[in-house]
Amino acid sequence: MPISPKIEASRIAYATRNCPKTILSPQDLIKRAIEKHGDRLAVACSFGSCSVVVLHMTLALKPDVKVVFNNTGVEYPETYAYRDLLRKEWNLNLIETKPIKSFWQCVKEYGFPLLRVLHYERGKSPETEKPKCCLFLKEMPMQQACLRHSIEASLTGLRCAESRVRMFTIAQRGQYYLTTKWGYLWRYHPVALWTREQVQQYLKEHGVPTNQIYLKGLPRSGCMPCTSFLHWEKQLARAN
């Protein structure tokens, strides 16, 4: 289910009020990242609507920017078709990763990923209790890609309104920060303080093609069999 505008507004207000750095517009933040990192900058693109907005903004300033797509092997068919469409139309400098372990291998070894909210109820950090499949399908492959392609910074489509964890991250660290958990990497979140409506409006105003998975009424793309978010059963049923 989509997050209500009221909840989005409250999360953005909290993150804005507590943000430790000067808040920059998406374009200004992207410019700063390009000036600081140059060819060592990449856009981390899932080919969901938020990351595509960031990708479109970045290409206007740096057409040859590296674009990293963490192909988990369990993306929706519509996402793969969308990737192919944009790669051709936008002439993307695309880098595609592969999983260290497949999703189904992770399920066999660790079980299906649990709802993130359950980690709060158990007194554990959602970050430290992140599903193992996220580690083997996205985070470790991204780390390897950064080392292989000399990437020291990434632009993402993360929005703080999407979850409390993301809200607290922006409130505590700001729109950009250095992370050393999986190697040395600067992370920039240009649309961190945007609403879903702003994302949709940008896509419409700039005539950006749509990932057809959203036309099935899904609020998110991502891994097709993921079970770590609320109402995943309804999304999976609707998509299929």
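The phi-based Karplus calculation (6.51 cos²θ - 1.76 cosθ + 1.60; θ = phi - 60°) puts the 3J(HN,Hα) values of segment 148-155 at 5, 10, 6, 9, 10, 8, 9, 9 Hz, whole numbers, x for Gly and Pro.
For segment 1-109, rounded, prolate or oblate, judged on the Cα gyration tensor with a ≥ b ≥ c (square roots of eigenvalues), a/c < 1.5 rounded, else prolate if a/b > b/c? All intermediate terms of the calculation are to be shown ahead of the outcome.
Values: a/c = 1.83, a/b = 1.19, b/c = 1.54.
It comes out oblate by the Cα gyration axes.
Calculated [222 nm] ellipticity per residue, helices only, for the chain: -12500 deg cm²/dmol; basis is -39500 (n - 2.57) per DSSP H run with n ≥ 4, divided by all residues, nearest 500. Annotation: amide H of Asn71 within the under-5 Å range of Thr97, sequence separation 5 or more or interchain, hydrogens built in the peptide plane.
If you take every residue apart from Thr195 with its C-beta less than 13 Å away from the C-beta of Thr195, what net charge results, scoring Lys and Arg +1 and Asp and Glu -1?
Details: positive: Lys6, Arg11, Arg159, Arg196; negative: Glu8, Glu162, Glu197.
Counting the neighbours of Thr195, the net charge comes to +1.
Annotation: extensible slack from Arg164 through Thr16 equals 51.9 nm (criterion: 0.36 nm per residue apart, minus Cα-Cα distance). Of the solvent-accessible surface of the chain, computed with a 1.4 Å probe and all protein chains present, 53% belongs to carbon and sulfur.
Ordering Pro190, Asn211, Leu178 by the projection of their Cα atoms onto the charge dipole of segment 173-229, which places +1 on the Cβ of Lys and Arg and -1 on the Cβ of Asp and Glu, puts Leu178 at the extreme positive end. Sorting 42-48, 73-79 by their mean Cβ neighbour count within 10 Å, with the most densely packed peptide first, gives 42-48, 73-79.
With the simple spin-label model, which puts each label point 7 Å out from Cα in the Cβ direction, the Leu94 to Asp39 separation comes to 2.3 nm.
Amide H contacts of Thr210 (H built 1.01 Å from N, in plane; Pro and chain starts excluded): no residue 5 or more places away or on another chain comes under 5 Å.
For Val43, the amide hydrogen comes within under 5 Å of the amide hydrogens of Lys66, Val67, Val68, Leu155, counting only partners 5 or more places away or on other chains and with H modelled in the peptide plane.
Net charge dipole, segment 1-100: roughly 420 debye, given to the nearest 20, about the Cα centre with Cβ charges of +1 for Lys and Arg and -1 for Asp and Glu. 3J(HN,Hα) along segment 49-61, derived from phi through the Karplus expression 6.51 cos²θ - 1.76 cosθ + 1.60 where θ = phi - 60°, amounts to 4, 5, 5, 5, 4, 4, 4, 4, 4, 5, 4, 5, 9 Hz, with x in place of Gly and Pro.
Considering only His56, Leu92, Ala44, the residue lying farthest towards the positive end of the dipole of the chain is Ala44, judged by Cα position with unit charges set on Cβ. Taking the Cα centre of the chain as origin and assigning +1 to Lys and Arg Cβ atoms and -1 to Asp and Glu Cβ atoms, the resulting dipole is close to 480 debye. One quarter of the surface of the convex hull around the alpha-carbon atoms of the chain equals 12.4 nm², the direction-averaged projected area. Among the cysteines of the chain, Cys19, Cys45, Cys50, Cys134, Cys146, Cys160 have no other cysteine beta carbon within less than 4.7 Å of their own.
The values are calculated or read from the model by the stated rules, or taken from the named source; none is laboratory data. Keep in mind that what you see is a predicted model, and the values were worked out from it rather than measured. Every residue, glycine among them, receives a Cβ derived from its backbone with ideal geometry; neighbour counts consider all protein chains shown. Accessible surface areas use protein heavy atoms only, side chains included; no ligands, DNA or RNA. Shrake-Rupley method; radii C 1.70, N 1.55, O 1.52, S 1.80 Å.
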